[in-house]
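Participant: Supplied in structure tokens, the structure appears directly below.
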Amino acid sequence: MIKAGIIGATGYAGNELVRILTGHKEVEIKWYGSRSYIDKKYAQVYQNMFEIVEDCCLDDNIEALAEQVDVIFTATPQGFLAGLLTEEILKKTKVVDLSADYRIKDVAVYEAWYGIEHKSPQFLGEAVYGLCEVNREKIKAARLIANPGCYTTCSILTAYPLVKEGLIDPETLIIDAKSGTSGAGRGAKLPNLYCEVNENIKAYGVASHRHTPEIEEQLGYAAGTEITINFTPHLVPMNRGILATEYAALVKKADGSLPTYEEVKAVYDAYYQKEKFVRVLEKDVLPETKWVEGSNYVDINFKIDPRTGRIIMMGALDNLVKGAAGQAVQNMNLLFGFPEWEGLELVPLFP
């Protein structure tokens, strides 16, 4: 049994961590950190935890926490962990950070897109990008995990095999993604009020969303060269879910023909057939957020458009599970040698 602490336990991702870890047979949660609710019972913040979690919320003293636990999850805003992390902390415990502080290797890129100074760039080199299906072996040996974002996890996994195998031209990649409102966090913000969101869909962060460089960096590793993409997110009036629809030009074969459905499907199967949490759907069955809600699954499929020579790739996941807390637990399982699916065999909720 390992001991875990959560800083930011009362946000949506933090609460999802609590839900998942409560059902994990190898983990005991020792610290429910929340600056806003110190000394208040956790179950008074989230009534769904009544008679399940009896503990009170503590502060965000990461130095004290590191003395007591084997792993710290930080479900906190950008800049929080970077401002506090030290070598002494990493010598005592492993850290899985759900923010973007250590996802982007180039500190100048991080500071340009997030608009804040990075306070601990000395850890960027060792931080492992926690996309388990891509970096599994590196994760096992890490001290610091940069847990990927929700949009990025969906966008990267959907296109990764085709970029890696050179079936698409990554410079033509356009990603149109849609998210439920929980992706914006639990804080009270005017754009997220019911009357602002209900009966509406809107694009935001157009040509400027901060997940863009993260997607470019990771798919650039797959392509073997730097790439530039268009990424446009949209907010839709639902609680959970990400749907990414991605478009790219197919690379023609030597005879001038396009790859066939069977050839593309074989590539996806080669990468994901043995992956527990990535489901490549049957032909003409398209991903939908309702079929992954509450689970750690990513559903992926594609359609070739011979008229334009392009391929349309689609992916769906739950932004709070595989897009945040579930992926963080998946990373923790790898760090401590547990079965990767421990605590995560969550059947999607429907209706």
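The values are calculated or read from the model by the stated rules, or taken from the named source; none is laboratory data. Source: prediction; values computed, not measured. Virtual Cβ from ideal backbone geometry, glycine too; neighbours counted across all protein chains shown.
Participant: Does residue 285 satisfy the condition of being surrounded by fewer than 16 Cβ atoms within 10 Å (Cβ to Cβ) and either of a type in the set (Val, Ile, Thr) or closer than 19 Å to residue 148 by Cα (or both)? Please lay out each step first, then the result.
Facilitator: On the way: surrounded by fewer than 16 Cβ atoms within 10 Å (Cβ to Cβ): yes; either of a type in the set (Val, Ile, Thr) or closer than 19 Å to residue 148 by Cα (or both): yes.
Considered against the rule, which asks whether it is surrounded by fewer than 16 Cβ atoms within 10 Å (Cβ to Cβ) and either of a type in the set (Val, Ile, Thr) or closer than 19 Å to residue 148 by Cα (or both), residue 285 comes out as yes.
Participant: Quick one: which residue in 264, 278 is touching an Asp or Glu at 6+ places or on another chain (Cβ under 9 Å), surrounded by 14 or more Cβ atoms within 10 Å (Cβ to Cβ) and either without any contact (Cβ under 8 Å) to a residue 60 or more places away in the chain or among the hydrophobic types (A, V, I, L, M, F, W, C) (or both)? Walk me through it before giving the result.
Facilitator: Numbers: 264 fails: touching an Asp or Glu at 6+ places or on another chain (Cβ under 9 Å).
Matching residue, one of 264, 278: 278.
Participant: Out of segment 206-234, which residues are under 14 Å from residue 172 (Cβ atoms), crowded, with 19+ Cβ neighbours inside 10 Å and in contact with a strand residue (DSSP E or B) (Cβ under 8 Å, 6 or more places away or on another chain)?
Facilitator: 229, 231
Participant: Let me ask another. Would you please name the residue that is surrounded by the fewest Cβ atoms within 10 Å (Cβ to Cβ), looking only at residues in segment 135-162 that are among the β-branched types (Val, Ile, Thr) and more than 16 Å from residue 219 (Cα to Cα)? Steps first, answer last, please.
Facilitator: In the first step, residues of segment 135-162 are kept if they are among the β-branched types (Val, Ile, Thr); the result is 139, 145, 152-153, 156, 158.
From what is left, the residues that are more than 16 Å from residue 219 (Cα to Cα) are 139, 145.
Values: 139: 22, 145: 28.
Restricting to residues being among the β-branched types (Val, Ile, Thr) and more than 16 Å from residue 219 (Cα to Cα), the top hit is 139.
Participant: Evaluate the following for residue 106: is it modelled with pLDDT of 95 or more and assigned by TED's automatic domain parsing to the domain that holds residue 238? First the steps, then the outcome.
Facilitator: Values: modelled with pLDDT of 95 or more: yes; assigned by TED's automatic domain parsing to the domain that holds residue 238: no.
No, not satisfied.
Participant: Being surrounded by fewer than 18 Cβ atoms within 10 Å (Cβ to Cβ), without any contact (Cβ under 8 Å) to a residue 12 or more places away in the chain and under 27 Å from residue 201 (Cβ atoms) narrows it down to one residue among 305, 269, 255; which is it? It would help to see each step written out before you state the result.
Facilitator: Working: 269 fails: under 27 Å from residue 201 (Cβ atoms); 255 fails: under 27 Å from residue 201 (Cβ atoms).
When all the criteria are applied, what remains is 305.
Participant: Here's another thing I want to ask about it. The conditions are (1) over 30 Å from residue 14 (Cβ atoms); (2) surrounded by 21 or more Cβ atoms within 10 Å (Cβ to Cβ), and residue 299 fails exactly one of them. Which is it?
Facilitator: Of everything listed in (1) over 30 Å from residue 14 (Cβ atoms); (2) surrounded by 21 or more Cβ atoms within 10 Å (Cβ to Cβ), residue 299 misses just condition (1).
Participant: Quick check on segment 10-65: of everything there that is aliphatic (A, V, I, L, M) and touching a residue at least 60 places away in the same chain (Cβ under 8 Å), which residue is farthest from residue 95 (Cα to Cα)? Explain how you work it out, then say what you get.
Facilitator: In the first step, residues of segment 10-65 are kept if they are aliphatic (A, V, I, L, M); the result is 13, 17-18, 20-21, 27, 29, 38, 43, 45, 49, 52-53, 58, 62, 64-65.
Restricting the remaining residues to those that are touching a residue at least 60 places away in the same chain (Cβ under 8 Å) gives 13, 17, 20-21, 27, 65.
Details: 13: 16, 17: 14, 20: 17, 21: 15, 27: 15, 65: 11 Å.
Per the criteria, the residue is 20.
Participant: Among the listed residues 319, 296, which satisfies the condition of being in contact (Cβ under 8 Å) with a residue 60 or more places away in the chain, on the phi < 0 side of the Ramachandran plot and touching a Gly at 6+ places or on another chain (Cβ under 6 Å)? It would help to see each step written out before you state the result.
Facilitator: Working: 296 fails: in contact (Cβ under 8 Å) with a residue 60 or more places away in the chain.
Going through 319, 296 in turn, just one is in contact (Cβ under 8 Å) with a residue 60 or more places away in the chain, on the phi < 0 side of the Ramachandran plot and touching a Gly at 6+ places or on another chain (Cβ under 6 Å): 319.
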